Amino acid sequence: MPTEYRTLSVLVKNEAGVLTRIAGMFSRRGFNIESLSVGTCEKPGLSRMTIVALSDEDEIDQIKKQLDKLIDVLHVEFLDNVPFVDRELILIKVKADTGTRLEISQIVELFRGRIVDVSVDSLIIEVTGDQGKLKAIVDLLKKFGIEAVCRTGQIALARGNKD
């Protein structure tokens, strides 16, 4: 079975220590979390976590079973088995002078990004999209000199209605 990036959506109680218990479960079993995003959701007192892990099918099934055993976990959904929408936010600080600002601005516009900060020798760019889009803009901006990158981590929801 091939090792691939697997995406889980996990509904949890919004209480102190939940994140630590979930991260500890991954660590104890030797699974690395590639991306983790968590925030409150549509239900008061609950949070939704999006976890991306590099694993094969047997390992991801084991992760899901272990998560289901935690009392703070209310629902685990393996998103790779259903159509889903995912996004990530990236901030990119890139070197920019009067000679390169126009070209950088055009690239940002093509990617539907925004320039959120301008200084004498740099710009900070905000872009939202899937991982392919974010990789593409980073690759295009490398020639100008990337000074820093900060990413939120992937968030995801299953498409459509549940029966």
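Past 24 Å, Cα to Cα, is the threshold; run K13/K135; K43/K93; K64/K135; K93/K143; K93/K133; K13/K65 against it and keep the listed order.
Numbers: K13/K135 33 Å; K43/K93 36 Å; K64/K135 29 Å; K93/K143 13 Å; K93/K133 17 Å; K13/K65 18 Å.
Beyond 24 Å: K13/K135; K43/K93; K64/K135.
Give me, ordered by chain and number, the residues 5 or more places off L74 or on other chains with an amide H under 5 Å from its own placed amide H.
Result for L74 returns L11, V12, K13.
Could you state the angle between the C-alpha long axis of helix 18-28 and the longest principal axis of the C-alpha atoms of the chain, as a value from 0 to 90 degrees rounded to the nearest 10?
80 degrees
Please go through the range 1-104 and write out the GluC sites (Glu not before Pro) that DSSP classes as loop and that have at most 14 other C-beta atoms within 10 Å. Show your work: numbers first, answer last.
Values: sites: E4, E15, E34, E42, E57, E59, E77, E88, E103; in loops: E15, E42.
In loop regions of the range 1-104 (DSSP not H, G, I, E or B), the sparsely surrounded GluC sites (Glu not before Pro) are E15, E42.
Taking the Cα atoms only, what angle lies between the long axis of helix 131-141 and the longest principal axis of the chain, rounded to 10 degrees?
The two axes meet at around 20 degrees.
Please report the spacing between the Cα centers of the range 74-130 and the range 46-66 in Å, no decimals.
If we compute the Cα centre of each part, the gap is 27 Å.
Relative to the longest principal axis of the chain, what angle (0 to 90°, nearest 10) does the C-alpha long axis of helix 57-69 take?
With both axes taken from Cα atoms, the answer is about 70 degrees.
Looking at (1) 55; (2) 58; (3) 64, which value of percent of Cα pairs over 18 Å apart comes from a calculation on the structure shown?
Recomputing percent of Cα pairs over 18 Å apart here picks out (3).
Taking 0.36 nm per residue of separation and subtracting the Cα-Cα distance, what length does fully extending S119 through T20 add? Don't skip to the answer; put the middle values down first.
Details: separation 99, 0.36 × 99 = 35.64 nm, distance 3.84 nm.
Fully extending the segment from S119 to T20 adds 31.8 nm.
For the range 108-149, what is the charge dipole size about the Cα centre, in debye to the nearest 20, if Lys and Arg each add +1 at the Cβ and Asp and Glu each add -1 at the Cβ? Let's see the in-between values first.
Numbers: 6 positive and 7 negative charges, 40 e Å.
Charge dipole, the range 108-149, about its Cα centre: 200 debye, nearest 20.
All of the numbers you see were taken from the coordinates with simple rules; none came from a lab. This one's a predicted model, so the numbers in the text were calculated from it and none came from an experiment. A quick note on method: Cβ atoms are made from the backbone with ideal geometry, for glycine too, and the neighbour counts reach across all protein chains shown.
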